[in-house]
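These notes are about the structure you will find just below.
Taken together, the values in this text are just the output of simple stated rules run on the coordinates, not laboratory data. These numbers were taken from a predicted model, which means no experiment stands behind them. Quick reminder, even Gly has a Cβ in these numbers, built from the backbone with ideal geometry, and neighbours come from all protein chains shown.
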């Protein structure tokens, strides 16, 4: 399993339009949690301009599918999005644990 981060850059109307699509977005996110794919999700604040979602999956296609079906993205609340693989090495959930030489 690998870690991936989905970055969503919010559009200018995000805050005003979010209530209309929030439940559908959260339903999708919690379903991904139930499948073991989504680990953490939330927004960067001050300013509120970016959403960040951490996934653990076998392939980037899992994250791409989530993004392409996300209500925020499909309804214009997100002006751009991108996925980055995150090579995690420290912590019990790291994809490739590396410990210091002893």
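Observations
- Among the residues of the range 87-99, at least one is surrounded by 11 or more Cβ atoms within 10 Å (Cβ to Cβ), in contact with a strand residue (DSSP E or B) (Cβ under 7 Å, 6 or more places away or on another chain) and touching a residue at least 60 places away in the same chain (Cβ under 8 Å).
- Hits in the range 2-45 - residues which are out of contact with any helix residue (DSSP H, G or I) (no Cβ under 6 Å at 6 or more places or on another chain), surrounded by 13 or more Cβ atoms within 10 Å (Cβ to Cβ) and in a loop (DSSP other than H, G, I, E, B): 11
- Among the residues of the range 46-70, the ones that are closer than 22 Å to residue 93 by Cα, part of a helix (DSSP H, G or I) and touching a helix residue (DSSP H, G or I) at 6+ places or on another chain (Cβ under 9 Å) come to 2 in all.
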